[in-house]
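Participant: Before we start, here is the structure in question, set down as structure tokens.
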Amino acid sequence: MPPKLRSPLSKQVGPFTEAVFFCPSCSIWRCSTPLRTAHSRYRNFNLRRARSASTFVHQSAAAHAVNITRNIPERFQELYSALNSVHDTASNHVNSSRLQLALRGLETTRPVIRVAVLALGNTATAPRLVRLLLADPLSPKQQWEDYLEAHRVDRSGSLLIKYGEQTDLAVENSLVPTISIPSRVLKAANLEILLSHLSTNAGSDAQITSNTFLVPTIAIQSTSTGTHTFVRYPVHKSIVYGTGIDGLLAYTKLAERANITDTDSICATFDFELLGQGSAQRRNGVSCVDPNRAEAALNMFRESAQNATEYERGWSGSGVQPLIDWVSAPPDDAALDPSIKKLVGSLLDGVEESISAEENKKILVQQARNVPEEVRLDLDRTVTTWAERAHTELRDSLNDGFASKPWRDLAWWKLFWHVDDVGMVTSRILRTKWLPEAEKEVIWIGGKIHQAGLLNNNTYTTAKIQESPDIRVPHTEDSSSVSPEKPWPSQIADIRGRLTTSSVPSLHAVAQNLVFFSLSTTSLSAALSALVYISTSSASVYEAGTIATIGLFISLRRQQKGWDAARSLWECEVREEGRRALKDTEEGLRTVIHEGGRVPEAAPETEARQQVSKARQALSYVK
């Protein structure tokens, strides 16, 4: 007897009578297309399937609602909960249909493994391959084998093949056209085979990923409405089947665009005749089969068991047996099915890749919207040059102003006839000698900052320029901010205004008080001296005049000391306020240059990554 014959199981498994599960999160959409006639003998089945499609959403929602009440095996509960948490925290990054398939597999110790056979190009040979995968050489040719030989994926649509004790070529209450067959391969590995078509005419702008092969989109024909309903049907494994060189080239283009690395879940199989004995092995997710040779060997053995040697030689050389071994690896009830484990791992990898891609996209957008560092450095050097010139201007201009004739005319002994000129002279010094050029250059720098885009970001609140604690600008709005309406610091103008409105009147008042004190003291002492001279006959003119002289000396001495001190204090205040204005302006400009125009960094998906890490840890604990 040939060693590759498949023996029956001692443990019987009942038919999988539960309706095909479709994920509630799967995308469903309709598009009006001309309805093509299916096999006439299955017309009634198509009518029932159309009615089932109309209630699909409600049934799926109900299934999702009762998931929480299902009895999950104890060793899978932690992983089941972790995957639900991943869906809750990273719903935008998780493939919901594959997640629901993984959760479905964790609800039992013996899950149903879905395998898709996707036909490329010539769709007539794919059903032949499925027949060879499921046929039993120990049994005569079955009715379902004839059905598969006559099936055409492009005309008849997708087909789901399930295990059943009896052959049923029109399973009721199924959204996808379904047949049940008594195949030992399906029973032993608890498999479902989805036979569908994979288009090779995807446009250059169409996105091709591994999900194209692991979550195929199937079309469901409805005879009642004349429309096609497209449903995403996730699977654990996929066989991409092509014919000859054309199929190989078509798959190569798709695989290159999808960047397929998961060769454990996706197998590309191609129909090549005249295979040698050593070329039937599956390598790097690619294998070759010879259906004609396999069919000849199968028919030969069914005719007579005496042809076992020829069957063994032909079957082994056809390349079908390695594909059967890959599809129907026997499950281990004591551990998580490798297909489920691979599905969960691939799902978590996809979530992390999606999160990383989204974060990288946000970083690129942020970098594109941010002002380049070269522009910031150039503006920073401009501010440095401005600060040096401004400090030099402050020193030289004030020295010239305080050495000018109008300021010298305000000497203490000239104060009697120049007291009314104090306000005018000091205001002119502030207006013409206190940083006029520096203020103009600040406006120019503010224009460059605005032109560079450092003030155009709506999400960025420009930093306020530091204001001296003892400066109180009598403005109703914050004039120290670099606002879009006035995109330059206003410290110089504000402090000049404060000095003009506060220190200048104070200095003028001091001058008036000193002059008034001198005049009043001199007048009183002169009056007292005259009174003494008149009232005292023995007092001479010189003696009486001594009192007036002392009063005059005291008043003039007080005026000299007071006015010189007031002038020196005002000069120091003007210089110090100038330096402070320059310092605050420089700091404000640098703050805007280094912090302005930056897009706030998007918060990383920390919670989602933590949930993915927990799910991986739970997966590693599952035995």
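The values are calculated or read from the model by the stated rules, or taken from the named source; none is laboratory data. Values in this document were obtained by computation on a predicted structure and should not be read as measured data. All Cβ positions, glycine included, derive from the backbone under ideal geometry; neighbour counts span all protein chains shown.
Participant: Please indicate, with yes or no, whether at least one residue in the range 572-579 is without any contact (Cβ under 8 Å) to a residue 40 or more places away in the chain and assigned to a helix (DSSP H, G or I). Talk me through it step by step, then tell me what you get.
Facilitator: Our first condition is that a residue be without any contact (Cβ under 8 Å) to a residue 40 or more places away in the chain; within the range 572-579, this holds for 572, 576.
Next cut, assigned to a helix (DSSP H, G or I) only: 572, 576.
Among the residues of the range 572-579, at least one is without any contact (Cβ under 8 Å) to a residue 40 or more places away in the chain and assigned to a helix (DSSP H, G or I), which makes the answer yes.
Participant: While we're on this one: For the range 313-357, what are the residues that are of a type in the set (Asp, Glu) and crowded, with 17+ Cβ neighbours inside 10 Å? Lay out the reasoning, then the answer.
Facilitator: First, the residues of the range 313-357 that are of a type in the set (Asp, Glu): 325, 332-333, 337, 349, 352-353.
Matches in the range 313-357: Asp337, Glu352.
Participant: Which of the helices (runs of 4 or more DSSP H) contained wholly in the range 69-141 include at least 1 residues that are in contact (Cβ under 8 Å) with a residue 12 or more places away in the chain and under 20 Å from Glu192 (Cα atoms)? Explain how you work it out, then say what you get.
Facilitator: Details: elements: 74-89, 96-106, 125-134.
So the answer is 96-106, 125-134.
Participant: Please pick out the residue among Leu103, Leu194, Leu99 that is at pLDDT 90 or above and in contact with a His (Cβ under 8 Å, 6 or more places away or on another chain). Break it down stepwise before answering.
Facilitator: Values: Leu103 fails: in contact with a His (Cβ under 8 Å, 6 or more places away or on another chain); Leu194 fails: in contact with a His (Cβ under 8 Å, 6 or more places away or on another chain).
Result of the check over Leu103, Leu194, Leu99: Leu99.
Participant: For the range 139-152, which positions are loosely packed, with under 14 Cβ neighbours inside 10 Å and within 18 Å of Ala296 (Cβ to Cβ)?
Facilitator: Ser139, Pro140, Asp146, Glu149
Participant: So which helices (runs of 4 or more DSSP H) are wholly in the range 386-455 and hold at least 3 residues that are crowded, with 20+ Cβ neighbours inside 10 Å? Walk me through how you get there before you give the answer.
Facilitator: Values: elements: 405-408, 415-418, 422-433, 436-452.
Those helices (runs of 4 or more DSSP H) span 422-433, 436-452.
Participant: Considering every residue within the range 52-72, establish whether at least one is farther than 30 Å from Trp315 by Cβ and at pLDDT 90 or above.
Facilitator: No: the range 52-72 contains no residue that is farther than 30 Å from Trp315 by Cβ and at pLDDT 90 or above.
Participant: Conditions first: (1) at pLDDT 85 or above; (2) over 38 Å from the mean Cα position of the chain (by Cα); (3) at negative phi. Gly319 passes all but one, so which condition is the exception?
Facilitator: Only one criterion in (1) at pLDDT 85 or above; (2) over 38 Å from the mean Cα position of the chain (by Cα); (3) at negative phi is unmet by Gly319, namely (3).
Participant: Of everything in the range 530-570, what is in contact (Cβ under 8 Å) with a residue 12 or more places away in the chain, over 30 Å from Ser503 (Cα atoms) and hydrophobic (A, V, I, L, M, F, W, C)? Give them in sequence order.
Facilitator: Listed by number, the residues that qualify are Ala530, Val532, Ala544, Ile547, Ala548, Ile550.
Residues are listed down the side, and each one gets a yes or a no for (1) over 30 Å from Ala102 (Cβ atoms); (2) in the same structural domain as Asp564 (by TED's automatic domain parsing); (3) within 34 Å of the chain's Cα centre (by Cα); (4) modelled with pLDDT of 95 or more:
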site	(1), (2), (3), (4)
Val344	no, no, yes, no
Leu348	no, no, yes, no
Lys362	no, no, yes, no
Leu379	yes, yes, yes, no
Thr385	yes, yes, no, yes
Pro406	yes, yes, no, no
Leu410	yes, yes, no, no
His418	yes, yes, no, no
Asp421	yes, yes, no, no
